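Please read the structure below before turning to the comments.
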Amino acid sequence: MDSDERATIAFPVSADGRRSTAAAGRAVIAGALAQTDPAGAEAARHETDWRTRYPAHLRRLIEVGLMSRDTAVTLARDGLAALYEQMRVTQPDGTETGLDALVPAGARSSLSTFTVTGGGAGERELSVPYRGERLRGDALLNRLDAWVATGIIEPSCAEAVRAVAAHPEWLALPGRTLVMLGAGAEVGPLPVLLGWGARIAAVDLPRPGIWDRVLQAARQSGGTLLAPADADQPGRT
């Protein structure tokens with residue numbers, strides 16, 4: 001096999017010959033609910049408008065998981081098993097196998113970890129982004145009043161934000177480590193968590209643009225970033 005040829009993970013081929021994320025989504029949600037909520041599993045399995053109605057099935061999955069810890073663990077375990085069963089591995093020659101084909105394949109390279117310690121000051125006050133600025137202090141409290149008055153948020157939501165604003169120490173995260181998948185997502189919580197002093201073990205695609213953004217956020221923050229590096233090429237991140 002040429003060094004540039006790699007097996008890839010793909011969604012399964014559906015009855016119409018296309019790789020359908022919707023069909024896989026139905027199967028995974030149905031598989032997760034099969035033991036704990038058979039009726040919910042059937043509803044997901046036979047949903048004909050998955051692209052617009054999938055939130056209802058995800059909500060049902062969450063509600064069932066709130067019943068107990070054991071139920072939540074069962075849902076997670078069964079959902080992962082269903083996902084494992086659905087996804088396929090496609091080889092460069094076009095053949096397909098199950099995910100178990102990857103287990104004996106061995107890693108093509110090894111990773112190490114490097115640490116970026118932010119040089120910025122940590123956040124000491126709650127702020128909320130709004131129309132290109134960050135609301136804090138009296139400006140935030142006044143905006144909460146306006147949102148409640150116009151029906152944008154519930155009074156209980158405003159009270160919760162006021163409570164946090166009055167106790168910013170609740171958000172201090174030094175000594176806490178969080179694993180973040182999709183760390184470079186544009187609307188993700190990476191800058192916020194780093195700003196409150198967290199240590200983030202970051203996972204994302206090996207694309208320079210993504211990691212440039214992640215590393216810049218880490219260097220400017222008051223937190224710490226753990227990022228992957230190519231162990232076979234020292235100095236290459």
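Nothing in this text is a laboratory measurement; each read-out follows from the coordinates by a stated rule. A quick note: this is a predicted structure, and the numbers were derived from the prediction, not measured. Positions of Cβ are generated from backbone atoms using ideal geometry, with glycine treated the same way; all protein chains shown enter the neighbour counts.
Some observations on this one:
- Take every pair of alpha-carbon atoms less than 8 Å apart whose residues are at least six positions apart; their mean separation over the length of the chain yields a relative contact order of 19 percent.
- Listed peptides 148-155, 124-131 by packing density, highest first (mean Cβ within 10 Å): 124-131, 148-155
- Using 0.36 nm per residue and subtracting the Cα-Cα separation, the extra length available between GLN91 and ALA76 on full extension is 2.5 nm.
- Inter-label distance, nm, simple model (7 Å from Cα along the C-beta direction), VAL187/ALA172: 3.2
- Kirkwood hydrodynamic radius (C-alpha pairs) into Stokes-Einstein, the range 8-102, 37 °C and 0.692 mPa s, D in µm²/s: 234
- Remark: spin-label model distance ILE152-ARG131 equals 0.8 nm, labels positioned 7 Å along the Cα→Cβ axis.
- Helical mean residue ellipticity (222 nm; -39500 (n - 2.57) per DSSP H run of 4+; nearest 500) of the chain: -13000 deg cm²/dmol
- Gain on full stretching of the segment that runs from MET67 to GLN220 - 0.36 nm per residue minus C-alpha separation: 50.9 nm
- Rg/Rg_globular for the chain, with Rg_globular taken as 2.2 N^0.38 Å and Rg from C-alpha atoms: 1.29
- For LEU135, the residues whose amide H sits under 5 Å from its own are VAL128, TYR130, ignoring neighbours fewer than 5 places away on the same chain, with H placed 1.01 Å from N.
- Normalised by the number of residues in the range 8-102, the average gap of Cα pairs under 8 Å and 6 or more apart makes the relative contact order 33 percent.
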